[in-house]
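Working notes for the structure below.
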Amino acid sequence: MIVDDKLSEYKDNIEALQLIDKLEVYRWMISLGKKLQDDPLSEENRINENRVSRCQFSLFVDKEDNIYKAYSDAIIASGYAYMLVDVFNSAGEDAKDITAESFNQLEIANLLSLNRQNGFYQMIGMMKERI
């Protein structure tokens with residue numbers, strides 16, 4: 001399943017970077033966030049209905065042209081939003097089978113603050129609603 005491959009790829013990156021230094025994981029997430037800004041959610045779709053309210057910063061997610069897109073003005077939130085958009089968009093029809101538990105292997109609790117975790121998991125729920 002493509003989702004498992006994507007998640008394994010992210011897990012391997014996180015584990016390799018943690019061996020170097022935990023700060024490297026955050027640098028990597030920042031670089032992912034920059035990728036998110038290459039094709040972000042359009043301004044007209046950055047509305048309250050698409051806002052990840054549990055994120056302490058501005059984070060929005062929705063589908064445009066039948067693919068998930070996101071936008072955040074926060075660098076770490078942009079990084080995890082990129083991961084989620086990438087996993088869901090890569091999954092195709094298997095996206096319906098993705099659950100919050102699918103991401104357990106990434107050990108998000110060890111990477112993100114509680115506020116960021118809340119935003120991460122809320123974003124998964126919002127994406128599932130839009131399948």
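The values are calculated or read from the model by the stated rules, or taken from the named source; none is laboratory data. Since the model is a prediction, treat every value here as computed from it, not as a measurement. As a convention, Cβ positions derive from the backbone with ideal geometry for all residues, glycine included, and neighbour counts pool all protein chains shown. To get the accessible areas, we keep the full protein, side chains included, count just its heavy atoms, and leave off ligands, DNA and RNA. Shrake-Rupley method; radii C 1.70, N 1.55, O 1.52, S 1.80 Å.
For (1) open to solvent by 10 Å² or more (accessible area, probe 1.4 Å); (2) within 24 Å of S42 (Cβ to Cβ), each residue gets a yes or a no:
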site	(1), (2)
N66	yes, yes
S72	no, yes
G79	no, yes
V87	no, yes
A100	yes, no
F103	no, no
N110	yes, no
S113	yes, no
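Could you count how many residues in region 19-29 are open to solvent by less than 70 Å² (accessible area, probe 1.4 Å) and over 21 Å from I124 (Cβ atoms)? Final tally of qualifying residues: 2. Could you check, for region 46-62, whether at least one of its residues is outside any helix (DSSP H, G or I), without any contact (Cβ under 8 Å) to a residue 60 or more places away in the chain, touching a Leu at 6+ places or on another chain (Cβ under 9 Å) and surrounded by 13 or more Cβ atoms within 10 Å (Cβ to Cβ)? Yes; the residues of region 46-62 include at least one that is outside any helix (DSSP H, G or I), without any contact (Cβ under 8 Å) to a residue 60 or more places away in the chain, touching a Leu at 6+ places or on another chain (Cβ under 9 Å) and surrounded by 13 or more Cβ atoms within 10 Å (Cβ to Cβ). Any chance region 31-38 includes a residue that's open to solvent by 50 Å² or more (accessible area, probe 1.4 Å), assigned to a helix (DSSP H, G or I) and without any contact (Cβ under 8 Å) to a residue 24 or more places away in the chain? Among the residues of region 31-38, not one is open to solvent by 50 Å² or more (accessible area, probe 1.4 Å), assigned to a helix (DSSP H, G or I) and without any contact (Cβ under 8 Å) to a residue 24 or more places away in the chain, which makes the answer no. For G92, the conditions (1) open to solvent by less than 70 Å² (accessible area, probe 1.4 Å); (2) at negative phi all hold with the exception of (2).
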